Each structure stands twice: as C-alpha cells, then as structure tokens.
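What follows is a single structure, written as structure tokens, with notes after it.
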Amino acid sequence: NLKKTQKEYIIIQVKIVRKEVINMATREKNIWILILFILSGLVIGGLLGELTKDVSYLNWLSYGQSFGLSSPVVLNLNILEITFGLMVHINIASIIGVLIAIFVYRKI
C-alpha cells in the first residue's frame, strides 16, 4: 500500500511540474505577442496621427512630442566609423493605439 501511495505522489508531482513548464512556455510566448501588439499599436497610431493632422476636427490626434538625438553621434575608429542616432515621435494617436493593442491582447 505504501508503494502505491508513493507512486501516486510521484505521478502528482510530475503532473504539477509538467503544468508549470507549459505555463512558463505560454507566458513567454504571450510576452512576445504583447510586444508585437504594442509595437503595432504604436506604428498604426502614429500613422493615423500623421494622416489626421490636416483634418480640422481630428488634428488633436497629431499633438505629440519628439525626443532623442537631434544630430547623430559619430564614433570614428579609423578603420570603422559607427553612427548612432535615435529619435522617438509620440503623439496622442499612438498612445491610443497602444491602449487599444493592450485591450485587444487581454481579450485574446
């Protein structure tokens, strides 16, 4: 009877570990999908903000801020020259796009 109880305990432990491994893999996959959704929301929202800047009742979507390096930084190593530059443009539409992307992700 003791051996049967030990076997049942081992089977239960294996099932628990297996379930944790599956959950961990699913969580990692979901993080990448979330990142993809957020980036898509940023791009689509930014595009919509740029498209609506000339429309009188939707021009508020294009209000935003730009930040980053206005002129690129150049690293000259004589045999290699590397140029670093990054500029981020955020507007109201891109923020709304990110919020919609997170909402859609949570519904999936």
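The values are calculated or read from the model by the stated rules, or taken from the named source; none is laboratory data. Keep in mind the model is a prediction, meaning the values are calculated, not measured. So basically every Cβ, Gly included, is an ideal-geometry build from the backbone, and we count neighbours across all protein chains shown. Quick note on the areas: whole protein, heavy atoms, side chains included, nothing else; ligands and nucleic acids left out. Shrake-Rupley method; radii C 1.70, N 1.55, O 1.52, S 1.80 Å.
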Can you tell me which residues in segment 45-89 are in contact with a Leu (Cβ under 8 Å, 6 or more places away or on another chain) and among the β-branched types (Val, Ile, Thr)? 52, 82, 83
Residues of segment 77-94 satisfying the condition of being open to solvent by less than 100 Å² (accessible area, probe 1.4 Å) and touching a Gly at 6+ places or on another chain (Cβ under 7 Å): 87, 88, 90, 91, 92, 93, 94
Restricting segment 36-61 to residues that are under 23 Å from residue 103 (Cα atoms) and aromatic (Phe, Trp, Tyr), the residue that is most open to solvent (accessible area, probe 1.4 Å): 60
Looking only at segment 62-76, how many residues end up being open to solvent by 90 Å² or more (accessible area, probe 1.4 Å) and more than 30 Å from residue 91 (Cα to Cα)? 1
